[in-house]
């Protein structure tokens, strides 16, 4: 599977907190299992961090959306990722790690996949998932 992470920041340039490190850990694990991963972000430089390719050239967003099978996003770039995914008919996986979705301009809608960091976050994000499996 080809996975595009479309996020506002990514290590090593953006180490703001656990959300970036959670995403990085997930992408590395997916890559180690044979999936192709690519990060598109607005910070840092075009580089590779611990084996994960990072692109900061937002002009590439449509080419990368064509390339990928799924788009992973979180926080402030969620709306942009939803538009991009809609244009390219790609599923979206939301990483949800806090309850401040509307603060980041995220309008809840049924997700193709939602990954919550804990049960408390899940219980506070009603309406994001139409089919949640325990």
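When you restrict to C-alpha pairs under 8 Å that are six or more residues apart and normalise by the size of the range 1-82, the relative contact order lands at 41 percent.
Taking other C-beta atoms within 10 Å as the exposure proxy, 36, 20 rank 36, 20 from fewest upward.
The Cα atoms of the range 1-95 give a gyration tensor whose axes a ≥ b ≥ c have a/c under 1.5, which makes the shape rounded.
Read-outs: derived from the displayed coordinates by stated rules, not from any lab. Quick caveat: nothing in here was measured; it's all calculated off a predicted structure. Cβ sites come from the backbone with ideal geometry, for glycine too, and all protein chains shown count toward neighbours.
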